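Trainee: Before I ask anything, here is the structure I am working with.
The values are calculated or read from the model by the stated rules, or taken from the named source; none is laboratory data. Quantities reported herein were computed from a predicted structural model and do not represent experimental measurements. Using ideal geometry, Cβ is built from the backbone for each residue, glycine included, and neighbour counts are taken over all protein chains shown. Side chains are part of the model used for accessible areas, which takes the heavy atoms of the whole protein and leaves out ligands, DNA and RNA. Shrake-Rupley method; radii C 1.70, N 1.55, O 1.52, S 1.80 Å.
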Amino acid sequence: MDYTLLVMLLKDLAILPFQEIKLELKDEISKTIVKLSSKKYNNRLLVVLPNSNVKDASVDDLPSVGVATYIKSQIELSNGNLRLTLRGEKRVKVLKYQAFSEDIIAANLTDIILPKFEPNKEEVIKRKLKESLLEYINSSKSISNSIIKTIEDNDNLDFLTDVITSFLPLSPVKKNEYMKELNSEKRAISLIKDLKIEIEYNKLEESLDNNVEVRLTKEQEEYYLKEKLKEIEDVLNISKDNESQNKYLELLNSLDIPEKTHDKLAMEIDRLNKMTVNSPEYGVLVSYLDWTLNLPWNKQSIDNLNEKSILSHLNKSHYGLEEVKERIIEYINVKNINPLATNPIICLVGPPGIGKTTITKSIAEALNREFLKISVAGLNDATELSGTRRTYLGALPGKIMQGIKKCGVNNPVILIDEVDKMVKDFKGDPASILLDVLDSNQNKNFVDNYIEEPFDLSNVLFILTANSINNIPYTLYDRLEVINLSSYTVFEKVDIAKKFILPKIYAELKMSKKLIMKDETLIYLINSYTKEAGVRNLTRVLKSLVTKVIASKKDSLTITNTDINHYLKEPLYEIKPLKISISGMVNALAYTDLGGAILKVEASIYNGEEKVITTGALGDVLKESILVATSFIKESDYVSSTVFYNRTIHIHVLEGAVKKEGPSCGVAITTALLSKLLDIKVNNDIAFTGEITLKGNVLPIGGLKEKLIAAYNGGIKKVFIPSDNANDLLYVPKQIIDNIEIKLVSNYQMIYEELFKNNIA
């Protein structure tokens, strides 16, 4: 049966049936092809490698055989690229290529009927192929034998040849030749030949290594003579720590390190041998050798790459955070396919207390890796990361190398905490050092100032945390894979308290009985005694409550609102019902480093000099929003222009001690001014967010999810948001969408007609 698929051209990469590849698409045409395939072709598309090496291949250069593939997953990255996982399904014959659109090609396809072979001959070929593969794997110390498990349960010759071809280090052109060959017996015979070539190559490499070992015997002879020299020095009463120096040589010879590094350290040990204990440099050199030789140059922990086990551990330890868990599972899938794949550089961005640090620790536990936390908040001295020269007094390696040594392996999970709070001054730029540490193109040869020799950090899984994207240095941000984590709603906090916080407290206090609290009681506790985006303070409050209940020796463990007031004293945050506001006061939604927030905007106008006064610790951008809102109202026909003559406008944003910045308060400021000028009150259960222009257009804003969570927790019933933010509603919890009336506006006229037009006296 004939059918049609869209065509994706891969000029530097071939794909075979049963093979999975990862792609990162940058061009818009490829992204469009993927989207169309997802919508119209059930996530399937045809992948071909052009026959020509010309930069712009034509339809005539396209082969008559390709691979039908399935789009297993696709992720839109923060840099605009599209990460794609393709799985090859089967070879198909192209009947005809045709234009789908100006830039996109489609192909009419039909399935290929594969030839059948003599069973005895096919069995002999399969055995020979597996023997050659095993011989190839055994001929090299650096090649993984993970493919053995893949092929041992499948005797299909088509499957064997395709899987082994994808495993071999062949060029894309060579692999494409295997793809176009429909006869699996011919493919198998060619594969056996290619395996023999690779085996001969490995034997030649081993021979060269043996020649190097012959040269080492001369070095051993020199070592023997040096030992004799030490005995002579002992007879002459030249005091030396022979046992210590022998230990250094044994450590050095046990390390699998580059030849240049080995020679350098051997030279330093030789210097130590020629140095007396009383020499000023002796202690410095001993300290240097202790640090360098005890680093885990080639020690690794064995990863747990079981997807189910990892996901179970993360779900057991943390509520929600689905995007983080999904990204770690993707990383595991890549590692299962290619153990040498580059580690991602993940940055978790969100308010305090939502679990950024603890989820990272759980990731390390799930992967069976060591965990290390390095806080860079307030760090302004670059040498704290890169180390100091060993010639300086009190010199030490930087935090990175100190942590690596403490972990004892070269593949831990390292959490670099609060990267948005680093400081750049005359002492250096820590962000530039982090580039060397994090970038996979550079960290394979990271050189600490104290160690002085390149150390491979590419096996480390780095995870960064920040409260705000805006404060991360751009050069560092450009290399990060940012995952935004949002605040928790009050109902999510209830679930977290019941499923995670309280059981942990009970286990810590070894309680056999548990408190009995209804959801309504937990909601009262959360609203009355905590005010945060995460659950850090909630954990402290619950622990305090449990310990006080234990200390009271109360028979009944049923807790009511009254009991909470008794044990925790007066509520810290009073819950007041929303009332009608006075004219000139409205709610603005803001996004801060601590999550979403509701700000009160007040407007006042009185006789005096014609000017605008702003108060409330406002930033320059927010002050400009006030001027834009004022100019828009003056130019509009909402009020008479004469009302501004010889009158002073005063805009104040409450909570004056808190610094406020950003353009998204423009709509709220405009509404507060109009409310005052028209003397029309705006209900206190209405909130606004959006940037406004001089013509009254409402522009999109950031942090919508955080703002709506804050509105929901604050009892807001209606929110006006920019129309261009409609797609962001897909990421807002359904409970919020169902309980808040969300009004999409593109121009302020829409707000004016709903709130003011019909209420003007």
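Yes or no, residue by residue, for (1) open to solvent by 20 Å² or more (accessible area, probe 1.4 Å); (2) closer than 23 Å to LEU182 by Cβ:
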position: VAL7; (1), (2): no, yes
position: LYS35; (1), (2): yes, no
position: ARG44; (1), (2): yes, yes
position: PRO50; (1), (2): no, yes
position: ASP60; (1), (2): yes, yes
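Trainee: I've got another one for you. Can you find even one residue in the range 78-87 that is surrounded by 15 or more Cβ atoms within 10 Å (Cβ to Cβ) and not in a strand (DSSP E or B)?
Mentor: Within the range 78-87 (the criterion being surrounded by 15 or more Cβ atoms within 10 Å (Cβ to Cβ) and not in a strand (DSSP E or B)), the answer is yes, since at least one residue qualifies.
Trainee: Quick one: would you say ASN108 is at negative phi, among the polar types (S, T, N, Q) and out of contact with any Ser or Thr (no Cβ under 8 Å at 6 or more places or on another chain)?
Mentor: In short, no.
Trainee: If LYS11 satisfies every condition in (1) over 30 Å from TYR477 (Cβ atoms); (2) of a type in the set (D, E, K, R); (3) open to solvent by less than 50 Å² (accessible area, probe 1.4 Å); (4) in contact with a Leu (Cβ under 8 Å, 6 or more places away or on another chain) but one, which is the exception?
Mentor: Every condition holds for LYS11 apart from (3).
Trainee: Restricting to the range 709-725, give me the number of residues that are open to solvent by 30 Å² or more (accessible area, probe 1.4 Å) and either of a type in the set (Phe, Trp, Tyr) or under 21 Å from TYR752 (Cβ atoms) (or both).
Mentor: Selection size over the range 709-725: 5.
Trainee: Would you tally the residues in the range 262-289 being of a type in the set (Gly, Ala, Ser) and part of a loop (DSSP other than H, G, I, E, B)?
Mentor: 1
Trainee: Here is a follow-up. Select, from ASN138, ASN156, ASN145, the only residue that is open to solvent by 40 Å² or more (accessible area, probe 1.4 Å), more than 19 Å from LEU13 (Cα to Cα) and within 36 Å of the chain's Cα centre (by Cα).
Mentor: Exactly one of ASN138, ASN156, ASN145 is open to solvent by 40 Å² or more (accessible area, probe 1.4 Å), more than 19 Å from LEU13 (Cα to Cα) and within 36 Å of the chain's Cα centre (by Cα), namely ASN145.
Trainee: Right, next: Out of all the residues in the range 339-350, is one or more at pLDDT 80 or above, open to solvent by less than 10 Å² (accessible area, probe 1.4 Å) and part of a helix (DSSP H, G or I)?
Mentor: No, every residue in the range 339-350 fails to be at pLDDT 80 or above, open to solvent by less than 10 Å² (accessible area, probe 1.4 Å) and part of a helix (DSSP H, G or I).
Trainee: Output the number of the condition that ILE760 fails; it satisfies all remaining conditions of (1) surrounded by 15 or more Cβ atoms within 10 Å (Cβ to Cβ); (2) in contact with a helix residue (DSSP H, G or I) (Cβ under 8 Å, 6 or more places away or on another chain); (3) modelled with pLDDT under 90; (4) farther than 22 Å from ILE626 by Cβ.
Mentor: Going through the list (1) surrounded by 15 or more Cβ atoms within 10 Å (Cβ to Cβ); (2) in contact with a helix residue (DSSP H, G or I) (Cβ under 8 Å, 6 or more places away or on another chain); (3) modelled with pLDDT under 90; (4) farther than 22 Å from ILE626 by Cβ, ILE760 breaks only (1).
Trainee: Counting just the residues of the range 633-650 that are assigned to a loop (DSSP other than H, G, I, E, B) and closer than 26 Å to ILE721 by Cβ, which one comes out most open to solvent (accessible area, probe 1.4 Å)?
Mentor: Going through the qualifying residues, I end up with ASP637.
Trainee: Still on this structure, I have one more. Scan the range 381-395 for residues that are touching a helix residue (DSSP H, G or I) at 6+ places or on another chain (Cβ under 7 Å), open to solvent by 20 Å² or more (accessible area, probe 1.4 Å) and closer than 15 Å to ILE433 by Cβ and jot them down.
Mentor: Result: GLU384, single match.
Trainee: Still on this structure: Does SER604 satisfy the criteria of being under 26 Å from VAL682 (Cβ atoms), open to solvent by less than 30 Å² (accessible area, probe 1.4 Å) and at pLDDT 85 or above?
Mentor: No.
Trainee: Being of a type in the set (A, V, I, L, M) and without any contact (Cβ under 8 Å) to a residue 60 or more places away in the chain is the requirement here; does LEU82 meet it?
Mentor: Criteria met by LEU82.
Trainee: Out of SER301, SER287, SER279, SER312, I need the residue that is over 28 Å from SER468 (Cα atoms) and touching a Pro at 6+ places or on another chain (Cβ under 9 Å). Which one?
Mentor: From the options SER301, SER287, SER279, SER312, the qualifying one is SER301.
Trainee: Here's something else I'd like to know. Take the residues in the range 234-261 that are part of a helix (DSSP H, G or I) and buried (at least 16 other Cβ atoms within 10 Å of the Cβ), then tell me which one is modelled with the lowest pLDDT.
Mentor: Restricting to residues being part of a helix (DSSP H, G or I) and buried (at least 16 other Cβ atoms within 10 Å of the Cβ), the top hit is GLN245.
Trainee: Tell me whether the range 706-721 contains one or more residues that are touching a residue at least 60 places away in the same chain (Cβ under 8 Å), of a type in the set (D, E, K, R) and not in a loop (DSSP other than H, G, I, E, B).
Mentor: Yes, that holds for at least one residue.
Trainee: Suppose we filter GLU610, GLU635, GLU624, GLU655 for residues that are closer than 23 Å to ALA533 by Cβ, free of Cβ contacts under 8 Å to residues at least 60 places away in the same chain and over 33 Å from the mean Cα position of the chain (by Cα); which single one remains?
Mentor: Residue meeting the stated conditions: GLU655.
Trainee: Just checking, how many residues over the range 420-440 are surrounded by 21 or more Cβ atoms within 10 Å (Cβ to Cβ) and in contact with a Pro (Cβ under 8 Å, 6 or more places away or on another chain)?
Mentor: Final tally of qualifying residues: 2.
Trainee: Let me ask something additional. Which residues, taken from the range 696-708, are open to solvent by 30 Å² or more (accessible area, probe 1.4 Å) and at pLDDT 90 or above?
Mentor: ASN697, LEU699, PRO700
Trainee: Any residue in the range 362-377 that is small (Gly, Ala, Ser), out of contact with any Leu (no Cβ under 9 Å at 6 or more places or on another chain) and on the phi > 0 side of the Ramachandran plot?
Mentor: No, the range 362-377 contains no residue that is small (Gly, Ala, Ser), out of contact with any Leu (no Cβ under 9 Å at 6 or more places or on another chain) and on the phi > 0 side of the Ramachandran plot.
Trainee: Enumerate the pairs (first residue in the range 736-761 and free of Cβ contacts under 8 Å to residues at least 40 places away in the same chain; second residue anywhere and open to solvent by 80 Å² or more (accessible area, probe 1.4 Å) and of a type outside the set (D, E, K, R)) with beta-carbon separation below 9 Å, excluding pairs fewer than 6 apart on the same chain, so at least 6 apart or on different chains.
Mentor: LYS743/MET750; LEU744/MET750
Trainee: Sticking with this one: Looking at the range 309-327, I want the residues that are closer than 20 Å to LEU502 by Cα and have a partner that is open to solvent by less than 40 Å² (accessible area, probe 1.4 Å) and not in a helix (DSSP H, G or I) with Cβ atoms under 7 Å, at least 6 apart or on another chain. Which pairs are those?
Mentor: HIS318/GLY355; LEU321/GLY355; LEU321/LEU485
Trainee: Right, LEU129: part of a helix (DSSP H, G or I), closer than 19 Å to ASN202 by Cα and not β-branched (Val, Ile, Thr) or not?
Mentor: Criteria met by LEU129.
Trainee: Scanning the range 351-362 for residues that are under 13 Å from GLU322 (Cα atoms) and in a helix (DSSP H, G or I), which turns out least open to solvent (accessible area, probe 1.4 Å)?
Mentor: Residue satisfying both the conditions and the ranking: ILE359.
Trainee: Kindly indicate whether any position in the range 305-326 is surrounded by fewer than 17 Cβ atoms within 10 Å (Cβ to Cβ) and touching a strand residue (DSSP E or B) at 6+ places or on another chain (Cβ under 9 Å).
Mentor: So far as the range 305-326 goes, yes, one or more of its residues are surrounded by fewer than 17 Cβ atoms within 10 Å (Cβ to Cβ) and touching a strand residue (DSSP E or B) at 6+ places or on another chain (Cβ under 9 Å).
Trainee: Cβ-Cβ distance below 8 Å, separation of 6 or more or different chains: which pairs start in the range 375-391 with a residue that is small (Gly, Ala, Ser) and end on one that is surrounded by fewer than 20 Cβ atoms within 10 Å (Cβ to Cβ) and outside any loop (DSSP other than H, G, I, E, B)?
Mentor: Listed pairs, sorted by first residue: SER375/ASP417; ALA377/ASP417; ALA377/LYS421; GLY378/LYS421; ALA382/GLY428; ALA382/SER432; SER386/ASP436.
Trainee: Let me ask you something else. If you scan the range 290-323, which residues turn out to be out of contact with any helix residue (DSSP H, G or I) (no Cβ under 9 Å at 6 or more places or on another chain) and in a helix (DSSP H, G or I)?
Mentor: LYS308, GLU322, GLU323
Trainee: May I pose another question? When the residues of the range 651-686 are filtered to those that are of a type in the set (S, T, N, Q) and either touching a Leu at 6+ places or on another chain (Cβ under 9 Å) or farther than 20 Å from PRO722 by Cβ (or both), which remaining residue is most open to solvent (accessible area, probe 1.4 Å)?
Mentor: ASN683
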